[in-house]
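Read-outs: derived from the displayed coordinates by stated rules, not from any lab. Quantities reported herein were computed from a predicted structural model and do not represent experimental measurements. Cβ sites come from the backbone with ideal geometry, for glycine too, and all protein chains shown count toward neighbours.
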Amino acid sequence: MTSAYQALIGILQKSLVELNEDLNKKPAELYEPQQYILALGGKRIRPLLTLIGCDLFNGDIHEAIHAANTVELFHNFSLIHDDIMDNAPLRRGKATVHEKWNHNIGILSGDAMLVMAYKELAKCKPEHLPQLLALFNQTAIEVCEGQQLDMNFETMNEVSIDSYVNMITLKTAVLLGCSLQMGAIIAGADLETQEHIYNFGKEIGIAFQLKDDILDVYGNTDKVGKQSGGDIISNKKTFLLLKSLELANTSQRMELDNWISKTDFDKNEKVSAVKSIYNQLGIFELSEAEVNRHYESALKNLEWISCDSDKKANLLHFAEALMGREH
């Protein structure tokens, strides 16, 4: 996945190191949490996509680096605040910002990180700024809408599959589309091409999140890196659960409702029982089909785009690597 983009990754890493060094200032309680979460790493998929989107249309990569920093800062800002809302103790295997410091520091350092994202975006060429700002603002609002919908779903008894897909589109997928389109804007791609590269990223993002839902239940714990069946234990309204509730017969529905309503239970027993119902209903196969539907939609958008065939092939291989995690 990385060999074709090794030069881009090198440029991105250098920029993020410099960005982290710029945060070495006072008050420490405001800036150290930002340095901390950036240093935790991650795949850097979003900023890399911005550079890929620029390179795909033969743009100057160095002109896209500030936009790449923007999406990485925004993504990490959202993680700090999401972790507070979810009361999550760990992020990438380390203590979350609010656990390492406190909630107030988490909120304020996250706020400052969002401002830093706009400071980075303002460094882009003036001729690109109106469109970049419009796209970034729309995406930022949509990500917040997605997070709110996700929280709403926690207390809703009935959630449709369409509503769930809309939620993950807003919370996760639109930022991938935005990242690619920002690079395309900087490279001077026309509006129709920008629309297709955005939709490619968005559809890949939806497929990626659906695949993550599948891996939570059916993935190898060592390879996935988290507890198997965590979504089942927490009653998270994923595609798998919602499809099961839609297809279940009377006895299966009663059993599912019983496990969902229980507050005191053996975790392994619950995962085993719910997974058994999933297997009876063919949920794994139906979920894989939904992943493939969005992946094929992404490919159709990529096929439409006119650009260097080798660069298009590299982007396709990158997408395949994202989707090809073993289970």
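Please work out the C-alpha center-to-center distance from the range 227-304 to the range 80-149 and express it in whole Å.
With the range 227-304 and the range 80-149 each reduced to a Cα centre, they are spaced 30 Å.
Subtract the Cα-Cα distance of E288 and I161 from 0.36 nm times their separation in residues, and report this length gain in nm to one decimal.
Between E288 and I161, full extension yields 44.3 nm more.
Could you list, in their original order, any pairs among K119/K312; K211/K243; K211/K236 whose Cα atoms are separated by more than 23 Å?
Table pairs above 23 Å Cα-Cα are K119/K312.
How far apart, in nm, are the 7 Å Cα→Cβ label points at A122 and D264?
Once both label points are built, they end up 5.7 nm from each other.
Helix-only estimate, please: 222 nm mean residue ellipticity of the chain, summing -39500 (n - 2.57) across DSSP H runs of length 4 or more and dividing by its residues, to the nearest 500.
-24500 deg cm²/dmol
Once both labels are modelled 7 Å past Cα along the beta-carbon direction, what's the E18-E320 spacing in nm?
Here the modelled spin labels are 3.5 nm apart.
For a protection proxy built on the mean count of beta-carbon atoms within 10 angstrom, sort 94-102, 126-134, 201-209 highest first, please.
The packing order, highest mean first, is 201-209, 94-102, 126-134.
Structure shown: which of K26/K237; K26/K94; K14/K237 lie over 32 Å apart, alpha-carbon to alpha-carbon?
K26/K237; K14/K237
If I stretch the segment between A134 and M254 completely, what's the gain in nm (0.36 nm per residue apart, minus their alpha carbon distance), one decimal?
The span from A134 to M254 would gain 38.4 nm if fully extended.
Which whole-number percentage describes the relative contact order of the range 98-239, with Cα contacts under 8 Å and a sequence gap of 6 or more?
19 percent
Work out how much length V115 to D308 would gain on full extension: take 0.36 nm times their residue separation and subtract the Cα-Cα distance, in nm to one decimal.
65.9 nm
Magnitude of the Cβ-charge dipole of the chain, K/R +1 and D/E -1, about the Cα centre, nearest 20 debye?
620 debye
With the dipole of the chain worked out from charges on the C-beta (+1 for Lys and Arg, -1 for Asp and Glu) around the Cα centre, which of M113, G205, L38 lies farthest toward the positive end?
About the Cα centre, the residue reaching furthest to the positive side is L38.
How long is the range 1-85 along each principal axis, judged by its Cα atoms, biggest number first, in Å?
Here the Cα extents, ordered largest to smallest, are 41, 27, 19 Å.
Consider the candidate values [x] 86, 22, 19; [y] 70, 22, 15; [z] 35, 25, 17; state which one is semi-axes √(5λ) of the Cα gyration tensor in Å computed from the structure displayed.
[z]
Looking at the square roots a ≥ b ≥ c of the eigenvalues of the Cα gyration tensor of the range 210-327, which shape do they give, rounded for a/c under 1.5, prolate if a/b is larger than b/c, or oblate?
prolate
Under a plain spin-label model, where a point goes 7 Å from the Cα along Cα-to-Cβ, how far apart in nm are N235 and A95?
If labels sit at N235 and A95, their model points lie 3.1 nm apart.
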